[in-house]
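The values are calculated or read from the model by the stated rules, or taken from the named source; none is laboratory data. All values derive from a computational prediction rather than experimental measurement. Glycine also receives a Cβ, built like all others from the backbone with ideal geometry; neighbour counts cover every protein chain displayed.
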Amino acid sequence: MKIMKPAMAGTLESSDCQVSIEPGEGKIELDLSSSVMNQYGRQIQAQILSVLERLGVDDARITVVDKGALDCTIAARVECAVFRSCSASDKDIPWGGTVR
């Protein structure tokens, strides 16, 4: 998927994360901040990159502010931000990993 415009998903509430995505400059640029960075920073980064890879995103600037979200929440927020940035969220999307 090609990131067409800036988009956002999520909140800054406890146990959630806010994901912002915009067109990149030829690569994935990830800016991650988390209240649990010391404990789970590598896992959060791996989860974000895994979702982007699954969706075929290879050129984006993504900013994630995590407030202790579970992996499934992080994945859902990243997926939603990508779909919003492509204007695909208006279509009938099979959410949750079946998009290839």
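The residue that is farthest from S20 (Cα to Cα), counting only those in region 33-49 that are surrounded by 14 or more Cβ atoms within 10 Å (Cβ to Cβ) and without any contact (Cβ under 8 Å) to a residue 12 or more places away in the chain, is Y40. A single member of Q47, Q43 is part of a helix (DSSP H, G or I), modelled with pLDDT of 95 or more and more than 11 Å from the chain's Cα centre (by Cα), and it is Q43. Just one of the listed residues (D58, D31) is of a type outside the set (A, V, I, L, M, F, W, C), at negative phi and part of a loop (DSSP other than H, G, I, E, B), namely D58. So, in region 68-100, of the ones that are among the polar types (S, T, N, Q) and over 13 Å from G10 (Cα atoms), which residue ends up modelled with the highest pLDDT? Applying the filter and picking the extreme gives S85. The set of residues in region 1-22 that are over 10 Å from the mean Cα position of the chain (by Cα) and without any contact (Cβ under 8 Å) to a residue 60 or more places away in the chain comprises T11, L12, E13, S14, S15.
Those residues that are of a type in the set (A, V, I, L, M), assigned to a strand (DSSP E or B) and more than 12 Å from A69 (Cβ to Cβ), I need them from region 1-28; list them, please.
Taking region 1-28 and keeping what is of a type in the set (A, V, I, L, M), we get 1, 3-4, 7-9, 12, 19, 21, 28.
With assigned to a strand (DSSP E or B) added as a condition, the list becomes 7-9, 19, 21, 28.
A7, M8, I21, I28 - these are the residues of region 1-28 that are of a type in the set (A, V, I, L, M), assigned to a strand (DSSP E or B) and more than 12 Å from A69 (Cβ to Cβ).
Count, please, the residues in region 1-32 that happen to be of a type in the set (K, R) and either farther than 9 Å from V82 by Cα or surrounded by 13 or more Cβ atoms within 10 Å (Cβ to Cβ) (or both). Steps first, please.
Kept after step one, since they are of a type in the set (K, R), are these residues of region 1-32: 2, 5, 27.
Now narrow it down to the ones that are either farther than 9 Å from V82 by Cα or surrounded by 13 or more Cβ atoms within 10 Å (Cβ to Cβ) (or both): 5, 27.
Looking only at that region, the number is 2.
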